[in-house]
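Okay, structure first, notes after.
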Amino acid sequence: MKIYKELIGLLVLLVLPVTGFSQTSTSLYEPIEWNQSNELTLNYYKTTQEPISKIAISLNPLGFVQFGPVFNAEFRISEDVVINAHIRVSVLGMLTYEVKKHPDGLDDLGAMAYGGGVIKFFGEKKHKPYAGILFEYEHSSAIYAQYEQWEWSQTDMALVFIFNGGYRFRFDGGIFINTGAYLGAATGMYEWEYADVSYGTNDSTPRIGSTLAPFGMLDVSLGIEF
């Protein structure tokens, strides 16, 4: 009888993992037990799961020395997938000015980017790697050589396609830190003109054009989950 019980127990241990017979994807079972009526029982226990919270907000302050700080909001749509919505205040980024500067002198600049996308988190541990696809629309306007006879302005509109990957470190109270990067490309159009249109009568430089440029930022975001 003892051998009979052991053979059944071994068979159950081999079959259950294959058939997926468990309470959750991360549940484990302890050794088989037989009660006093010789009925087979399995003792289940759950490993600690740490799903992403329903809502989170964060700020990437490292953007101040790149292409602008990023303010994020996340809304969970499944246990490990969130919808991202964000604003990147391009005008507050040091590298934005480096890209926009011109020998005539950059005197005024306004720039903002609005975007969103989908981000997936991996693993059952508290701290999680993540990867996502984001999109942005960026609009900027700049004035050069202001108050000079040849003063001119330029407007840029761009679509930015971004891969965002990294690792989220999560702490008590919902606090978290994201460490990662944004990598992608920006494609757009620009239009410029002299403030005094008559000044550029003899300037044959095209006033409208298109651009394609790589895009990248380091991500060190501070946030909180609710």
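Numbers at a glance
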{"quantity": "Additional length obtainable on full extension of the chain from Phe161 to Asp196, 0.36 nm per residue less Cα span", "calculated": "9.0 nm"}
{"quantity": "From the C-alpha gyration tensor of segment 55-225, square roots of 5λ in Å", "calculated": "39, 15, 11"}
{"quantity": "Stretch gain in nm, segment Phe64-Tyr147, where the contour uses 0.36 nm per residue and the Cα spacing is subtracted", "calculated": "27.0 nm"}
{"quantity": "Net charge of Cβ neighbours under 9 Å - reference Ala145; Lys, Arg +1; Asp, Glu -1", "calculated": "-4"}
{"quantity": "Cα-based convex hull volume of segment 62-128 per residue, rounded to whole Å³", "calculated": "92"}
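Computed from the coordinates by the stated procedures, all read-outs in this text should not be read as laboratory data. Bear in mind the structure is a predicted one, so any value in this text is a computation, not a measurement. Please note: Cβ atoms are built from the backbone with ideal geometry, for glycine as well, and neighbour counts cover all protein chains shown.
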